[in-house]
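What follows is a short report on a single structure.
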Amino acid sequence: MATRAINPQNRGDGNQMEGHKQQKKNAPDAHNRRALVNIGNLVTVRGVDVKLPNRPVTRGFCAQLVANAQAKAAAENNKKPLDGLAPMAVNGAVEAQKKVVVKPKPKVVIEISPDTEEQAQKDARKKHHNKKKANSLTSVLTARSKAACGLTIKPEDNVVDIDAADAGNELAAVEYVEDIYRFYKDIEAEIRVCDYMESQPEINQKMRSILVDWLIEVHHKFELLPETLYLTVNIVDRFLSVKSVPRRELQLLGISAMLMASKYEEIWAPEVNDFVCISDKAYSHEQILKMEKTILGRLEWTLTVATPYVFLVRFIKASIADKEMEQMAHFLSELGMMHYGVAVMFSPSLVSASAVYAARCTLKKTPAWDATLQLHTGFSEAQLLECAKLLTGFHATAAAADNKLKVVYRKYSNPERAAVALLPSGTVPSTC
């Protein structure tokens, strides 16, 4: 415990005693001292003590305190008036009190019965629905874009608005879907595959069909997306059109193209070792990666392309198709993808439109081609006849005994795909 030092008193020193007595004599009386707690806390303004709070005192706040103190003093003077107080001082205090004291406004309480409250809510909802809906900036810009392109012409009465059901779906991109497919139509000519078989000394059309048939089987075993399959075949065709490939590396090209397409389209893409195993270890891990680099270099990393699948899903939607109609269109489209002549002769959008038209003819849908399909595909019925006849012919020969490429036929013979391959092939009219 801390102790304090005691100064020794020198009792024998007379001078120190006299000084001590003189200091005690000059000290003020203890009864006249002000309490320590009040020192510095009171301000006297015109005879009124104002207690300052424990906060910074600004000019405005000090003026407010003074006014409140004067008002309080005036109130006490009104209760006990002093005879010697000047009338001007009393009047000034009263005026200060009038300026400071503000009477609170009376609160108005409105009682609403349950019926009245419910009716008020109905009126508010009705008023909200009656308000004119403000156009968004996107819709305004879309309307101006259509006007600039000359697309403001109203469609005919028999044209169905296929995007009306997706107006509230942000992923459907209803405001941009027409511009997107117009862009696909413009770029499909730039990346269209040309006739490359003459530049391939060791590969022919039959080898290509065998490769695509095997890729469809691998795609089905890995349970990949349809976009992956169409992009794989597109990569194979585009690479063969710019570089000659030996026969022994054709399968290597196929699995490397599917690896690239899986990385581009799938969330969980197969690994390189999966393709090594699926090819019965005909190629090593390093060979697949090396071929992948070679493909990307020759194609200049262009993987965003307009495949037939891009147009097929849009055209199926325009046909207001059921499950059987949808599976039939996909079946005919994959049959066309296997044949080299269809991939080279026709554009991807024409192949997809022809698959939808041939499917409607096979299922005897009437009419086979209507104004809605013609508007969204951009093709008339006469433009689709040649390609549609080829697709229905492939359907007729898919189950033939001499046809060894039956992967697509077995795939669409499954009841999960409505067994559309087992249906008899349709007949496309010769002329319209």
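The values are calculated or read from the model by the stated rules, or taken from the named source; none is laboratory data. Nothing here was measured: the structure is a model prediction, and the numbers come from that model. Using ideal geometry, Cβ is built from the backbone for each residue, glycine included, and neighbour counts are taken over all protein chains shown. Accessible surface is based on the protein model in full, side chains and every heavy atom, while ligands, DNA and RNA are left aside. Shrake-Rupley method; radii C 1.70, N 1.55, O 1.52, S 1.80 Å.
Please report, ordered by residue number, the helices (runs of 4 or more DSSP H) entirely within segment 269-332 with at least 3 residues that are within 28 Å of the chain's Cα centre (by Cα).
Hits in segment 269-332: 308-318.
Yes/no per residue for (1) in contact with a helix residue (DSSP H, G or I) (Cβ under 9 Å, 6 or more places away or on another chain); (2) of a type in the set (A, V, I, L, M); (3) closer than 26 Å to ASP370 by Cβ:
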| residue | (1), (2), (3) |
| --- | --- |
| ARG298 | yes, no, no |
| THR307 | yes, no, yes |
| VAL313 | yes, yes, yes |
| ILE320 | yes, yes, yes |
| PHE331 | yes, no, yes |
| LEU350 | yes, yes, yes |
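Name, by its number, the condition in (1) free of Cβ contacts under 8 Å to residues at least 60 places away in the same chain; (2) surrounded by fewer than 17 Cβ atoms within 10 Å (Cβ to Cβ); (3) under 15 Å from PHE315 (Cα atoms) that does not hold for LEU384.
(2)
Checking the condition open to solvent by 70 Å² or more (accessible area, probe 1.4 Å) and of a type outside the set (Lys, Arg), which residue from GLU188, GLU198 passes?
Just a single option satisfies the conditions, and that option is GLU198.
Out of curiosity, is ALA353 among the small types (Gly, Ala, Ser), under 18 Å from PHE183 (Cα atoms), open to solvent by less than 10 Å² (accessible area, probe 1.4 Å) and in contact (Cβ under 8 Å) with a residue 60 or more places away in the chain?
Judged against the criteria, ALA353 is not a match.
On the basis of being farther than 20 Å from ILE216 by Cβ, among the hydroxyl-bearing types (Ser, Thr, Tyr) and open to solvent by less than 40 Å² (accessible area, probe 1.4 Å), does SER241 make the cut?
So SER241 passes the test.
Evaluate segment 277-291: report whether one residue or more is in contact with a helix residue (DSSP H, G or I) (Cβ under 7 Å, 6 or more places away or on another chain), under 30 Å from ASN158 (Cα atoms) and not charged (D, E, K, R).
no
Being among the polar types (S, T, N, Q) and within 15 Å of ILE235 (Cα to Cα) is the filter; apply it to segment 273-303 and report the residue that is surrounded by the most Cβ atoms within 10 Å (Cβ to Cβ).
Here the residue is THR294.
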